[in-house]
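These notes are about the structure you will find just below.
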Amino acid sequence: MVGGGQGAFIGAVHRAAAALDGQIELVAGAFSSDAARSKESGAALHLAPERCYASYAELFAAEAKLPLGDRIDFVSIVTPNFLHFPVAKAALGYGFHVICDKPMTFNLAEARELAAIVKKSGLLFGLTHNYTGYPLVKEARARIRSGQLGAIRKVVVEYPQGWLASKLESSGQKQADWRTDPKRAGASCCMGDIGTHAENLAEYITGLQIETLCADLSTFIPGRPLDDDGNVLLRFASASGEPPAKGLLHASQISVGEENGLNIRVYGEKGGLRWRQEEPNTLELLWPDRPAERVRTGVGPLSPEAAHASRLPAGHPEGFLEAFANLYKNFAATLRARLDGTAPTAFDLDFPGVEDGVRGMAFIETVVASSASQEKWVKFPH
């Protein structure tokens, strides 16, 4: 692991998710840019002292000298955004597979360069858009793929939070501090941090890709250099000659009282569906000629994809960590197949990859450009 030391938030989540299925063991890390803190963090995780490194450069150089089977198999990158690209590039250069937190890089140029590096290396790259790991997100995708909703007409996806409704970064709060800093977060705070999750969820569930968008970003907190709220109109690429679907994407970190309100609604010519992250074990199906249906994890037949991602009997809540762990489980199974010289299954390959990361960075830069432009619509780069 690179990053995720003492005082970090997402590193502990990654460690818990990776460990949940007993397929992945944390054996080495460079947990902080401060060498002493990295060593302390590794000691707190009961790692061997000689495998708690002062820097990611030292980590990769030392691990690459170990025999196969003793060295690390892959690296998990959980640093602030500006370090994702150099760490991933270095890891791939030493022959290590990579799983990385989102957004994938600091900007679109880095994302495209990283995609080329991954392709040339032939190594695995996973991106933790963790909400795609929920069983009923996969069920929603399967229902749309099977044609139950017909041609998709409208997509409404929202991600409201309220934790940055005051200038929290001025208090020294670490998570707020780097996310609102253009030098570490990139071109966007709100859209880069959570808007990309909404974009990825919409494309994952519907199978459609955004083609053009019209964005309006706002910064409500005086003195904050990056956006904390945004509204985006979406037009998706036409599928099979059908009229293109239209969409709305709203992301906010100043919506007072909201916790983690990611939700999506999709409407087709035959029916609709809706799913809420804060109640993830329920998917609602909407019909024009009969009552709405509630699909629950563990109850009745689910699609093979959703059933594969489910872990517990009906009535036992599955949540954030389980969904996150599904990405790590699939990544590990794909890596195991490669190490064993076998073919991974379609289930194993179901995790976001480098191309999803490129689209995420293209989304951020297009939204920022659209909001600053006098043009109504800006084309999404392919």
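Number of residues in the stretch 28-42 that are assigned to a helix (DSSP H, G or I) and in contact with a Phe, Trp or Tyr (Cβ under 8 Å, 6 or more places away or on another chain) equals 4. If the condition is being open to solvent by less than 40 Å² (accessible area, probe 1.4 Å) and on the phi > 0 side of the Ramachandran plot, then the stretch 2-22 contributes Gly3, Gly4.
Does Ala323 fit the bill of being under 30 Å from Asp227 (Cα atoms), crowded, with 21+ Cβ neighbours inside 10 Å and of a type in the set (A, V, I, L, M)? Show your work before the answer.
On the way: under 30 Å from Asp227 (Cα atoms): yes; crowded, with 21+ Cβ neighbours inside 10 Å: yes; of a type in the set (A, V, I, L, M): yes.
Here the answer is yes, as Ala323 does meet what is asked.
Of the residues screened, Glu284 is not one that is free of Cβ contacts under 8 Å to residues at least 12 places away in the same chain, open to solvent by 30 Å² or more (accessible area, probe 1.4 Å), within 30 Å of Asp229 (Cα to Cα) and part of a loop (DSSP other than H, G, I, E, B).
When Ser370 is tested against the conditions (1) open to solvent by 60 Å² or more (accessible area, probe 1.4 Å); (2) over 19 Å from the mean Cα position of the chain (by Cα), the lone failure is (1). In the stretch 232-279, which residues are free of Cβ contacts under 8 Å to residues at least 60 places away in the same chain and touching a Phe, Trp or Tyr at 6+ places or on another chain (Cβ under 7 Å)? Of everything in the stretch 232-279, just one residue is free of Cβ contacts under 8 Å to residues at least 60 places away in the same chain and touching a Phe, Trp or Tyr at 6+ places or on another chain (Cβ under 7 Å), namely Pro244. When the residues of the stretch 248-260 are filtered to those that are outside any strand (DSSP E or B) and under 22 Å from Ser371 (Cβ atoms), the one that is least open to solvent (accessible area, probe 1.4 Å) is Gln253.
Listed conditions (1) open to solvent by 40 Å² or more (accessible area, probe 1.4 Å); (2) not in a loop (DSSP other than H, G, I, E, B) are all met by Arg290, apart from (2). Scanning the stretch 150-178 for residues that are in contact (Cβ under 8 Å) with a residue 40 or more places away in the chain and of a type in the set (D, E, K, R), we see that the one that is nearest to Leu217 (Cα to Cα) is Glu158.
Exactly one residue among Ile117, Ile72, Ile99, Ile77 is in a loop (DSSP other than H, G, I, E, B) and either in contact with a helix residue (DSSP H, G or I) (Cβ under 6 Å, 6 or more places away or on another chain) or open to solvent by 40 Å² or more (accessible area, probe 1.4 Å) (or both), and that residue is Ile72.
Taking Gly223, is it of a type outside the set (Lys, Arg), surrounded by fewer than 16 Cβ atoms within 10 Å (Cβ to Cβ) and touching a residue at least 24 places away in the same chain (Cβ under 8 Å)? Walk me through it before giving the result.
Values: of a type outside the set (Lys, Arg): yes; surrounded by fewer than 16 Cβ atoms within 10 Å (Cβ to Cβ): yes; touching a residue at least 24 places away in the same chain (Cβ under 8 Å): yes.
Criteria met by Gly223.
Considering only residues in the stretch 326-367 that are open to solvent by 30 Å² or more (accessible area, probe 1.4 Å) and among the aromatic types (Phe, Trp, Tyr), the one that is nearest to Asn231 (Cα to Cα) turns out to be Phe351.
Looking at Leu68, is it over 16 Å from Val87 (Cβ atoms), out of contact with any strand residue (DSSP E or B) (no Cβ under 9 Å at 6 or more places or on another chain) and modelled with pLDDT under 95? First the steps, then the outcome.
Details: over 16 Å from Val87 (Cβ atoms): yes; out of contact with any strand residue (DSSP E or B) (no Cβ under 9 Å at 6 or more places or on another chain): yes; modelled with pLDDT under 95: yes.
Yes, satisfied.
Candidates in the stretch 157-196 are the residues that are more than 21 Å from the chain's Cα centre (by Cα) and closer than 28 Å to Arg276 by Cβ; of these, the one that is surrounded by the fewest Cβ atoms within 10 Å (Cβ to Cβ) is Ser166. Report whether or not Phe82 is part of a helix (DSSP H, G or I) and open to solvent by 20 Å² or more (accessible area, probe 1.4 Å). Considered against the rule, which asks whether it is part of a helix (DSSP H, G or I) and open to solvent by 20 Å² or more (accessible area, probe 1.4 Å), Phe82 comes out as yes. Exactly one residue out of Glu50, Glu25, Glu63 is part of a helix (DSSP H, G or I) and open to solvent by 50 Å² or more (accessible area, probe 1.4 Å), and it is Glu50.
The values are calculated or read from the model by the stated rules, or taken from the named source; none is laboratory data. Worth saying up front: this structure is predicted, and the values here are computed from it rather than measured. Neighbour counts are summed over all protein chains in view; Cβ atoms, including those assigned to glycine, are modelled from backbone coordinates with ideal geometry. To get the accessible areas, we keep the full protein, side chains included, count just its heavy atoms, and leave off ligands, DNA and RNA. Shrake-Rupley method; radii C 1.70, N 1.55, O 1.52, S 1.80 Å.
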